[in-house]
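All remarks here apply to the structure that follows.
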Amino acid sequence: MSASTEGNARAAGYTPHPYVGGRTAALRALAAWRMRWPGAPRVIVLTGNPGSGRSRLLTGFLMMCDPEYRKQLPIDDLDPATVPPDLPAPAVPSAAGRTAAQVLWLLADHFELAAGRTEDVFAELAARDEPVTIVVPDVDQAGPVRAAEEATRVVREVLTPLAATETVQLLADVPRELATELAGALPASQVQVIDLDAPEWADPKGLVLHAETALDAGSGAPELPYTTDPAARRALAEALAARAAGSRLTVQLAVQSLLMQPEGFDPADASQLPTSVGEALDLHARRLGADPQTLRLMLAPLAFAEGDGLPVQLLGTLANAVAGRDMSQDLADGMLLAAPFIQPVEPSSEDDEDGTGEDAEAGAGDGRTLLRLMHPALAEEIRSGLPDVRDTQTRIAMALLEEVPQQDWAQADPYIRDHLAAHTLEAGLLPQLLTDPGLFAHADPVTLRAAIEAVPLEQLGAPARTYLRTAPLLTRSQASATLRAAFLESAFVEDGLAPYAEALHTRGFRLPWRTLWSVPLAGVRAVTTGSVAATGEDGTAVSRSVAALLVPEGTPGSRTLPAAADGAAAPRDGTGAADGTAAGEDAGAVNGDGAAAAGGRTALLLHDLRAPEYVDADPSQVVQPSEEDRAAAPLGFSRGADYLRVWARADRRMVAALVSDSPVTDADLSPDGVLVVATERGVTARQILVAAPPAAPSVPAQRTGTTDADASHGLEGDHS
């Protein structure tokens, strides 16, 4: 299959694909791949220069692969060799804006896999009786942070293992610099590279048709001599295509420019037709009597914009920062100048990542307009023309930071909260930014985590490392800003960063708890709260609230009890109730049960309930709350494998929800509201603040055998 098939298709009288408008050779290759034609490759790597039309080709092909959408196409009029069979639609996990892990777990969800680890996804796909068809578009746009180079991870961690899986029929749209790597991982008989800029796949006649259609007054273009006269339109389309060197984007920008501002355009003057994306920018500016550099400076903030686009209200601020001068008049006078290259975007409802309630993002979902460039290749062109990209990002980052009112992240524009880290990453300043716990709590955890992971670990300070450790939990729970602050508050205490934990109590959050202490004590099998007689500083006897921890014999500071020590207040054996049951709610003293569960010898370690210190006392003298005391307490709790809920007994209102990043082995709640939780990592005590009920996180379905490293997948950065 080659470009020569284009002429054959037209000679046969077939109608061009109404969306693609050509690319017959490529469409035939894709159709053969889809129908698994004998000799067709199992894997196709689609590539080409930015602006070559890869996305358009793939979209047009997927239209025919969708059983419902193909009903809207003139299938019977198309070249039969370009039409894939009428089969169920393939899986299409778009990589745009997503991490490699998110792409992989989109697939796992689509195929309803039971995988709990990344390697299990490939194993389950390989074990399928029937092949699966997967199309991965927009790999060049992968990742929530541009500078993190997520496209490379998608190719190496997702596409390469998928391509190596014999039961997977894969089509991937990949940047040229990664296409060779992906194709090189397979035997030549199993893979085909379709480079849309290579002579055998080029489609010069299709490019002419693309330009001619865009110029047609019948398709919405203004009535001009070269849009209403078929001969003039055809001549201009041929001239545009000849100058554009195969670039669909160059043709598109040239047409938008002359149709939006036709004055001063002479279709007979070939020098007014661009040969590249950069020339399309410069010719447009000169034709409107403007300085091309001014146009590039106006568009520069959008060339650096992250996410879906830049809020229009920030455009002027960042244009001034990039230019180093006041650009307000240039922007006011330059809407026609910039219009052909800008696309407005309405933010999606997903931008309100905090959901409803007091922590909902200010401005999200309020109809504000975002701006972005028409194509990523425009951004690359503008960025490449700047003398120092890192310096430009530094000025952008500083300008954004100055827009945060009183450095209160709760009042900051959502774009600044979520994407400042991405700008500082490329500026080389991210480690310096990662010192404010308020930013940690307010920023989108998927985006912030991606930016931090792009920094070598040795360059990160202790707070950033704590955040990185906690990020899978933040994304997994889909927590609001308040609940993210609560999880981080506990994490800072666990890592010995108490001042950062305390700072979160001063940032305006109504946290559901205050973390009192945490000990990294592995092997704790059970906990219970109670009191024990102790000697005060003045020598008098006092009653001291404690947490009794069932630990392995020989743990420093613990005391071993006999197997059936009558009266020994051993904790429960850690078999707390499952989801929906009040584990520990009515647990009284257990005489010897914990010892028996421990195999005849058990050790108890006493820790002060409210202070970060151990208590040297006889464990057999610990008095646990009676059933009556617990029943009269204002709070109760229930727990699952890795989460707990604390609720008010009076009205069953939930007042705290805790999701753990490691399995919970046991927990207990004292009558006065101190929640002690033992996990595989250690033990933490939290004072529940009843006056501050939080919005509950979504609690994922439970799974077993996972580690913290495996807990960061899915659409929110986790799959569980």
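The values are calculated or read from the model by the stated rules, or taken from the named source; none is laboratory data. Please read all numbers here as calculations on a predicted model, not as lab measurements. For neighbour counting, all protein chains shown are included, and Cβ atoms are generated from backbone atoms with ideal geometry for every residue, glycine included. Each accessible area value is taken on the protein alone, full model and side chains, heavy atoms only, with ligands, DNA and RNA left out. Shrake-Rupley method; radii C 1.70, N 1.55, O 1.52, S 1.80 Å.
Listing for the model above:
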read-out	value
Between the range 170-230 and the range 87-115, the alpha-carbon center distance in angstrom	26 Å
Nearest-ten-degree value, helix 414-427 long axis tilted from longest Cα axis of the chain	80 degrees
Residue-count net charge about Thr47 - beta-carbon cut-off 10 Å; Lys, Arg +1, Asp, Glu -1	-3
Local net charge near Phe487, Cβ-Cβ under 12 Å (Lys/Arg +1, Asp/Glu -1)	+1
Per-bin percent of Cα-Cα distances, the range 66-149 [5 Å]	3, 12, 18, 17, 16, 14, 11, 7, 2, 0
Net charge contributed by nearby residues that have their C-beta within less than 13 Å of Leu281 (K/R +1, D/E -1)	-1
Using a Förster distance of 30 Å, the FRET efficiency for Leu288-Tyr14 (Cβ separation, nearest 0.05)	0.15
Accessible area of the chain divided out per residue, in Å², using a probe of 1.4 angstrom	40 Å²
Fraction of accessible area attributable to carbon and sulfur, the chain (%, probe 1.4 Å)	51 percent
Length added when fully stretched, Tyr614-Gln72, from 0.36 nm per residue minus Cα-Cα	187.8 nm
Within the chain, percent of DSSP bridges classed antiparallel, to nearest 5	80 percent
Highest-first arrangement of 428-441, 92-105, 472-485, where packing means the average Cβ count within 10 Å	472-485, 92-105, 428-441
Semi-axis lengths, Å, the chain, gyration tensor of Cα atoms, sqrt of 5 times eigenvalues	60, 31, 19
0 to 90° range, to nearest 10: angle between helix 248-260 axis and the chain longest Cα axis	70 degrees
Folded to 0 to 90 degrees: helix 312-323 orientation relative to the chain principal axis, Cα	80 degrees
Packing-based ranking, highest mean first, of 510-518, 457-465, 320-328, 174-182 given that Cβ atoms within 10 Å are counted	510-518, 174-182, 320-328, 457-465
Most to least packed among 30-39, 120-129, 394-403 [average Cβ atoms within 10 Å]	394-403, 30-39, 120-129
Two-site FRET efficiency, Arg128 against Thr540, from Cβ-Cβ distance with R₀ of 41 Å, rounded to 0.05	0.05
Additional length obtainable on full extension of the chain from Val623 to Glu200, 0.36 nm per residue less Cα span	143.9 nm
Cα centroid of the range 255-295 to Cα centroid of the range 31-77, whole Å	34 Å
Vicinal HN-Hα couplings computed from phi for the range 227-232 (Karplus, 6.51 cos²θ - 1.76 cosθ + 1.60; Hz; Gly/Pro x)	10, 9, 8, x, 5, 5
Förster radius 45 Å - calculated FRET efficiency between Ser384 and Met35, Cβ distance, rounded to 0.05	0.60
Expected 222 nm ellipticity per residue - DSSP helices of 4 or more, -39500 (n - 2.57), all of the chain, to 500	-10500 deg cm²/dmol
